[in-house]
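S.K.: Take a look at the following structure, please.
The values are calculated or read from the model by the stated rules, or taken from the named source; none is laboratory data. What you see is a predicted model, and the numbers here were worked out from it, not measured in a lab. Note that each Cβ is placed from the backbone with ideal geometry, even for glycine, and that neighbours are counted across all protein chains shown.
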Amino acid sequence: MTFGQRRELAERLRTIPLERVLPLCGAQPDRHDRRKWHTPVGVLSITGPKFMNWTLGAGGGGAIDLVIHLHHMDFKAAVAWLSDHFSGVPPSEASAPAPAPALQLPPPAPGQLPRVRDYLIAQRRLPSVLLAPLIDSGTHYADARANAVFLLHNEQNLPVGAELRGTTGQSWHGLAPGSQKNLGCFSIPAHSLPTVVLCESAIDAISCFALHPGCRCLSTAGARPDPHWLRPLLDQGCQIYCGFDADSTGDAMARAMIQLHPAVQRLRPSAHDWNDLLRSQA
């Protein structure tokens, strides 16, 4: 193989989508965040061709860098590994970005709302006075499966996604298909305030607002250090506090956020999360 052919091969392999490489490296996708992967060397976040290992504080770009990072290989060995696994992938297929799926919000089911409200008020101890305006505005509703639905809105107040929280049987949470949480967030209240607290979920955001009513509380829909809508808030002069959970993931993501945005300060809940703290004081 000539030098030119080797260079062409490396360029082709470098553009293979990282989501195709990760499973072959023993990585598991996060159940709640499609951009987060759990690997033998730490938690990775994926943004297009770039990756960041927040556990080790290291990152890179492209499939070759990813294999080097995960398998501790040199460049030549990583190229050979990718060539063995993706030898049949033409350049056009390797470099074509996956289209963003369409947002599929679950339709409201008013008949399930009493059950969802009972869960949020009786079990989660969320004040009914805070839920009422969310319901009236359509930001929060119940779906046909009795899931609590919390809409994510962009700057134009258009829905770009939704957090779903199960309220029956085994507790679970996730996102509506096609949600783009980098484009918007859940907010309580909806209007701007000079002080903002970032929380990991809508329920935590409501809980935090109940405890700190002078703050605007936003959900990042999972602990992540750099949502796209964060920089505009900082540019507006808002004081941002990272209120992620008081655990290893929350602390690691908070450190990563502060490293990226030094103006952000840590506000660590004195319980595991804001809802635990609210329930302990109920």
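S.K.: For D136, all conditions in the list (1) free of Cβ contacts under 8 Å to residues at least 12 places away in the same chain; (2) acidic (D, E); (3) surrounded by 14 or more Cβ atoms within 10 Å (Cβ to Cβ) hold save one; what is the number of the exception?
M.R.: (3)
S.K.: A follow-up question, please. Any idea which residue in region 16-32 is farthest from the chain's Cα centre (by Cα), counting only those that are surrounded by 19 or more Cβ atoms within 10 Å (Cβ to Cβ) and in a loop (DSSP other than H, G, I, E, B)?
M.R.: Among those residues, the one meeting the criterion is I16.
S.K.: Another question about this same structure. Show the residue pairs that are 6+ apart or on different chains and have beta-carbon atoms under 7 Å apart, the first residue being within region 59-76 and assigned by TED's automatic domain parsing to the domain that holds L44 and farther than 12 Å from R20 by Cα, the second being at pLDDT 85 or above and of a type in the set (S, T, Y).
M.R.: Sorted first by the residue in region 59-76, then by its partner, the pairs are L70/T39.
S.K.: Hey, another quick one. Taking the residues in region 33-43 that are within 23 Å of A176 (Cβ to Cβ) and not basic (K, R) as candidates, determine which candidate is surrounded by the fewest Cβ atoms within 10 Å (Cβ to Cβ).
M.R.: In this case the residue turns out to be H38.
S.K.: Let me ask you something else. Checking the structure you have, find out if any residue of region 95-104 is at pLDDT 90 or above and of a type outside the set (G, A, S).
M.R.: Yes, that holds for at least one residue.
S.K.: Going by the structure shown, is Q156 assigned to a loop (DSSP other than H, G, I, E, B) and either under 19 Å from R34 (Cβ atoms) or assigned by TED's automatic domain parsing to the domain that holds S45 (or both)?
M.R.: Considered against the rule, which asks whether it is assigned to a loop (DSSP other than H, G, I, E, B) and either under 19 Å from R34 (Cβ atoms) or assigned by TED's automatic domain parsing to the domain that holds S45 (or both), Q156 comes out as no.
S.K.: Here's something else I'd like to know. From the list A176, A132, pick out the single residue that is over 18 Å from I240 (Cα atoms) and under 16 Å from the mean Cα position of the chain (by Cα).
M.R.: A176
S.K.: When you scan region 63-76, how many residues do you find that are surrounded by fewer than 20 Cβ atoms within 10 Å (Cβ to Cβ) and modelled with pLDDT of 85 or more?
M.R.: So the count comes out to 2.
S.K.: Is it the case, given these coordinates, that H261 is of a type outside the set (A, V, I, L, M, F, W, C), buried (at least 16 other Cβ atoms within 10 Å of the Cβ) and assigned by TED's automatic domain parsing to the domain that holds D118?
M.R.: Answer is yes for this residue.
S.K.: Looking at P114, P108, which one is over 18 Å from F186 (Cβ atoms) and modelled with pLDDT of 95 or more?
M.R.: P114
S.K.: Does S201 meet the test of being of a type outside the set (K, R) and touching a Phe, Trp or Tyr at 6+ places or on another chain (Cβ under 6 Å)?
M.R.: No: the conditions fail for S201.
S.K.: Another question, if that's okay. At pLDDT 85 or above and over 25 Å from M257 (Cβ atoms): is that true of T15 in this structure?
M.R.: yes
S.K.: While we're looking at this one, here's another question. When residues of region 101-144 are filtered for being more than 20 Å from G161 (Cβ to Cβ) and part of a loop (DSSP other than H, G, I, E, B), how many remain?
M.R.: Adding up the residues that qualify gives 4.
S.K.: Turning to a different aspect of this structure: Would you check which residues across region 143-174 are of a type in the set (D, E, K, R) and either surrounded by 19 or more Cβ atoms within 10 Å (Cβ to Cβ) or in contact with a helix residue (DSSP H, G or I) (Cβ under 7 Å, 6 or more places away or on another chain) (or both) and list them? Write out each step before concluding.
M.R.: First, pick out the residues of region 143-174 that are of a type in the set (D, E, K, R): 143, 145, 155, 163, 165.
Within region 143-174, D143, E163, R165 qualify.
S.K.: I'd like the full set of residues that are within 16 Å of C242 (Cβ to Cβ) and surrounded by fewer than 17 Cβ atoms within 10 Å (Cβ to Cβ), limited to region 272-282.
M.R.: Applying the first criterion (within 16 Å of C242 (Cβ to Cβ)) to region 272-282 yields 272-274, 277.
Across region 272-282, the qualifying residue is only H272.
S.K.: Just the residues that are closer than 24 Å to H191 by Cβ and charged (D, E, K, R), please, taken from region 125-164.
M.R.: D136, E155, E163, listed by residue number.
S.K.: Taking the criterion of being assigned to a helix (DSSP H, G or I), more than 26 Å from D247 (Cβ to Cβ) and either of a type outside the set (S, T, Y) or not assigned by TED's automatic domain parsing to the domain that holds A176 (or both), would at least one residue in region 41-48 satisfy it?
M.R.: No: zero hits.
S.K.: I'd like the full set of residues that are assigned to a loop (DSSP other than H, G, I, E, B), hydrophobic (A, V, I, L, M, F, W, C) and surrounded by fewer than 24 Cβ atoms within 10 Å (Cβ to Cβ), limited to region 175-224.
M.R.: Pass one, region 175-224, residues assigned to a loop (DSSP other than H, G, I, E, B): 176-184, 189-194, 200-201, 212-215, 220-224.
Now narrow it down to the ones that are hydrophobic (A, V, I, L, M, F, W, C): 176, 183, 190, 193, 215, 221, 223.
Answer for region 175-224, where residues must be assigned to a loop (DSSP other than H, G, I, E, B), hydrophobic (A, V, I, L, M, F, W, C) and surrounded by fewer than 24 Cβ atoms within 10 Å (Cβ to Cβ): A176, L183, A190, L193, C215.
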